[in-house]
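Participant: This structure is in structure tokens; I'll ask about it shortly.
Each value in this text was obtained by applying a stated rule to the coordinates, not by laboratory testing. Everything numeric in this text was worked out from a predicted model, so none of it was measured. Please note: Cβ atoms are built from the backbone with ideal geometry, for glycine as well, and neighbour counts cover all protein chains shown.
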Amino acid sequence: MLAFVVAVMAPLLLSACVVTPDVNDLGIVIERAKGSVLVVDIKQHKELARVGGLGDLSHASVVYSPDQRYAYVFGRDGGLTKIDMLRQGVVSRVLQAGNSIGGAISKDGRWVAASNYKPGGVRIFESETLKLVADIPATMANGSLSRVVGLVDAPGSRFIFTLFDGDEIWVADIRNPDKPRIRKFHNVGRQPYDALITPDGRYYIAGLFGEDGLALLDLDNLDNGVQRILAGYGKGERKLPVYKMPHLEGWAEAGNYLFVPAVGAHTVLVVDRSNWQEVARIPVHGQPVFVMASPDGRQVWVNFAYPRNDTVQVIDAETRKVVRELVPGKAVLHMAFQSQEKKIWISVRDEDRVDIYDTVSFQRLASIPADKPSGIFFTSRATKIGL
């Protein structure tokens, strides 16, 4: 009888020992060359699972459902994959375009949007089923399609994006997703290539690759049109070749100031949000790619384009001085802060690992092996607009 009880109870005891991870403690690391992602426990600093078969992830991004349970992975080959973070497997996948550059999710979590190079435009899907509900071709005045970048979600059930080839910004109201209403802003500046939305959801700011300056749109006052700011910030300076486009979703906001990567210069610009004027320039190690503020706003971490991409610099937001320089290794591609702790994760592609650093002592705390890692995306992004 005792043997029978043990036999019956053993599986129950084993199942009781299986601890379901807290979805708030999870994240994804992109393995760009392998077409896979690592699901990681950010509290334990460890890999939980590898999810493969995701196609071309050479330029991939991730957004999360509001409950942080599901991740939506946008691949360069147009693949859109829904991953269950708790079960650590693929729920569904569609190949929605030929060349995609990223995506966004509505704040209510109902709609997922993908921005595409080929065919140029934005496609919107039901988040539950990945069923296509709207196709918005980015048709320019000459009838051809533009590549689309800078796609973010915005308050009021809107998606906003730029037409790189058309010099335009479009605002799509998707309250009726079958028939989205599009408001178009023309001649915003040459080649708007990426954008951010401020954390309060008020301003959309697009970088301009074809000229010095930024394009700003006040989402509460669309009738005011697009305002040009920081025009000519590189005037009189020798132009440098651009080895990698800055990622403007990584712009840092600390207090009332934005820390902005200058295109093609070894400089971080500091902008006063009260009047959108440049107030300082910070010389840095190379051409900045990501310029990211720590959760407490006291530090700004910067990584760089090739050939100076083995280094990370830390700027004190108050003094606007570089206070620390780290050399994690070859090809530092991405960084992500743990929102509740003073830690930062850094992907080091050419050394096949992700490093975790303490942002106070600057000591490396741990490393996780990863195959050519690039993007790092924690589920905490679900609580933030534009990410």
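Participant: With the cut-off at 1.5 for a/c, could you classify the stretch 281-387 from its C-alpha gyration tensor as rounded, prolate or oblate?
Facilitator: The shape class here is rounded.
Participant: Spelling out what I want: for every residue of the stretch 145-154, take phi, set θ = phi - 60°, compute 6.51 cos²θ - 1.76 cosθ + 1.60 (Karplus), and round to whole Hz; glycine and proline get x.
Facilitator: Running phi through 6.51 cos²θ - 1.76 cosθ + 1.60 with θ = phi - 60° gives 9, 9, 5, 10, 9, x, 6, 9, 8, 9 Hz.
Participant: Which angle from 0 to 90°, rounded to the nearest 10, does the C-alpha axis of helix 2-17 make with the longest principal axis of the chain?
Facilitator: 10
Participant: Something else about it: If the limit is 29 Å between Cα atoms, which of K43/K118; K43/K372; K179/K384; K46/K118 go over it?
Facilitator: Too far apart for the 29 Å limit: K43/K118; K46/K118.
Participant: With charges only on Cβ, +1 for K and R and -1 for D and E, what is the dipole size of the stretch 243-327 about its Cα centre, in debye, rounded to 20?
Facilitator: Dipole of the stretch 243-327, to the nearest 20 debye: 180 debye.
Participant: Is the stretch 60-232 best put as rounded, prolate or oblate by its Cα gyration tensor, with a ≥ b ≥ c the root eigenvalues, rounded for a/c under 1.5, and otherwise prolate when a/b is larger than b/c, oblate when not?
Facilitator: prolate
Participant: Please tell me the relative contact order of the chain in percent, rounded to the nearest whole number, where contacts are Cα pairs under 8 Å and at least six residues apart.
Facilitator: It rounds to 11 percent for the chain.
Participant: Still on this structure, I have one more. Run the paramagnetic zone check for I182: 7 angstrom along Cα to Cβ, then residues of the stretch 130-157 with backbone nitrogen under 19 Å.
Facilitator: Under cut-off, by backbone N: 132-154, 157.
Participant: Just to be sure I understand: with springs between alpha-carbon atoms less than 10 Å apart, which residue in L222, L163, L132 has the highest mean-square fluctuation in the Gaussian network model of the chain?
Facilitator: Sorting by GNM fluctuation, first place goes to L222.
Participant: With unit charges on the beta carbon (Lys/Arg positive, Asp/Glu negative), name the residue among A252, V37, G98 whose Cα is farthest towards the positive pole of the charge dipole of the chain.
Facilitator: G98
Participant: Which shape class, rounded, prolate or oblate, goes with the stretch 140-232 when its Cα gyration tensor gives a ≥ b ≥ c as root eigenvalues, a/c under 1.5 marks rounded, and past that a/b bigger than b/c marks prolate?
Facilitator: Note, shape of the stretch 140-232 comes out oblate.
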